Amino acid sequence: MNNIKIAIHNRPGSFSDRWIEYFHEHNIPYKLVSCYSTDIIGQLSDCDGLMWHWDLNDYRSALFAKQLTISLEKKGIKVFPDFNTSWHYDDKVGQKYLLEAIKVPFIKTFVFYSRSDANNWAETTSFPKVFKLRGGAGSSNVKLIKNKNEAKQLINKAFTTGFLITSPVSRLKERLWMLKRDKNLQAVKKTITGFARLILRKQKEKFISKQIGYIYFQEFVPENDSDIRLVIVGKRCCGMIRYCRDNDFRASGSGLVEYNYELINIEAVKIAFQTAKKLKTQSVALDFIKDKDGYKLIEMSYAFISEIFPGYWDTDLVWHPGNVVPQKFMAEDFINSINKITPETE
Ligand SMILES: Nc1ncnc2c1ncn2[C@@H]1O[C@H](COP(=O)(O)OP(=O)(O)O)[C@@H](O)[C@H]1O
Ligand SMILES: [Mg+2]
């Protein structure tokens with residue numbers, strides 16, 4: 001146990017805060033690294049594992065995080081998140097194929113790579129549908145499409161100018177919602193910067209690639225005033241209900257969260273465990289809504305916002321009460337996974 005050495009990419013405010021706390025609590029040695037160093041492979045040569053919480057808010061990680069992960073795995077260095085856990089992160093297009101392939105309940109989804117294919121489909125399908133971009137979070141790139149004309153306008157845009165993944169207009173709408181919800185000084189400040197960002201774009205936004213050359217639609221599942229977010233780390237499942245914004249079908253990013261586990265239907269928990277097993281992930285947050293046939297997956301993500309949950313279900317669906325921090329489960333499982341492989345590789 002004490003011989004293992006794990007590297008952590010430290011990013012204050014990210015999962016690394018909790019990982020480092022866990023390593024201190026258990027007297028486990030670690031080394032801090034920056035994955036952005038060009039000699040990162042060399043820096044990790046004396047390490048057994050790397051933990052790096054990269055996320056969609058940093059355009060740089062999208063340029064190489066998966067490539068670094070798979071390269072380290074080839075070298076025998078374990079990574080959190082590993083390739084199975086991370087390759088589909090912030091990629092709803094990739095998730096469509098994966099969720100169809102592993103046969104889990106998933107909302108019917110359509111992706112087209114030419115304007116004519118998309119237009120032909122729009123001519124014959126029914127509406128409403130849900131339009132999404134492949135990336136983004138907090139519902140920012142999710143829109144209800146009421147009729148064929150709206151669909152055709154989006155199709156035209158997808159194959160001409162394309163879309164921005166972080167649009168200043170949708171960010172402002174989000175901040176106006178926060179102002180309505182919170183009515184505090186912080187929300188006022190954020191709304192003002194939201195207006196300012198309509199004109200003054202952040203330098204880094206210029207580096208984010210445009211969404212162009214594909215279009216994604218999903219069947220609309222009506223009558224959900226919330227979605228269920230289930231977080232699976234190893235053999236534990238934590239959950240929360242997220243309510244939709246006022247007069248809106250979208251829950252993600254609303255901030256209207258309920259942690260009472262008794263409100264979560266155990267059927268969704270079962271599907272979540274089955275899905276995580278098929279995906280072979282270290283950590284996955286799975287979002288569900290219900291249609292006439294039962295719970296269906298919307299999307300998944302190895303990383304998520306919440307930190308403390310009031311307990312978890314085990315794989316026998318037994319509830320274990322008490323505050324838990326999923327990020328610490330990640331660190332625990334990761335260290336155990338390295339300990340397990342050591343004897344086999346000797
Ligand atoms: N096909 C759908 N039918 C009905 N509601 C949906 C559908 N897809 C998403 N939603 C709602 O919109 C929210 C945001 O969608 P999601 O795909 O999870 O985007 P994001 O990545 O921004 O969270 C979800 O939390 C859910 O409430
Ligand atoms: Mg979501």
Fill in: All strands (runs of 3 or more DSSP E) inside segment 59-145 with 1 or more residues being within 16 Å of ligand 2 (Cβ to nearest atom) and closer than 21 Å to MET300 by Cβ
109-112, 129-132, 142-145
Worksheet item: Quick check: is even one residue across segment 196-215 surrounded by 16 or more Cβ atoms within 10 Å (Cβ to Cβ), more than 18 Å from the chain's Cα centre (by Cα) and among the small types (Gly, Ala, Ser)?
Response: no
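Residues are listed down the side, and each one gets a yes or a no for (1) in a strand (DSSP E or B); (2) within 16 Å of ligand 2 (Cβ to nearest atom); (3) without any contact (Cβ under 8 Å) to a residue 60 or more places away in the chain; (4) on the phi > 0 side of the Ramachandran plot:
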| position | (1), (2), (3), (4) |
| --- | --- |
| GLN274 | no, no, no, no |
| PHE304 | no, yes, no, no |
| ASP316 | no, no, yes, no |
| GLY322 | yes, no, yes, yes |
| PHE334 | no, no, no, no |
| SER337 | no, no, no, no |
Discussion item. So in segment 146-160, with the set limited to residues that are within 27 Å of HIS88 (Cβ to Cβ) and of a type outside the set (A, V, I, L, M), which one is nearest to ligand 2 (Cβ to nearest atom)?
Written reply: LYS157
Worksheet, complete the sentence: Of the listed residues (TYR36, TYR89), the one being within 20 Å of the chain's Cα centre (by Cα), in contact (Cβ under 8 Å) with a residue 12 or more places away in the chain and under 26 Å from LYS210 (Cα atoms) is TYR89
Item to complete: Would you point out the residue of segment 132-147, among those that are over 15 Å from ALA251 (Cα atoms) and crowded, with 17+ Cβ neighbours inside 10 Å, that is modelled with the lowest pLDDT?
Response: GLY135
Practice prompt. Working only within segment 112-150, note down all residues that are out of contact with any Phe, Trp or Tyr (no Cβ under 7 Å at 6 or more places or on another chain), within 16 Å of ligand 1 (Cβ to nearest atom) and farther than 26 Å from LYS206 by Cβ.
Written response: THR125, SER126, PHE127, GLU150
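The values are calculated or read from the model by the stated rules, or taken from the named source; none is laboratory data. Note that the structure is predicted; figures quoted are calculated from it, not measured. All Cβ positions, glycine included, derive from the backbone under ideal geometry; neighbour counts span all protein chains shown.
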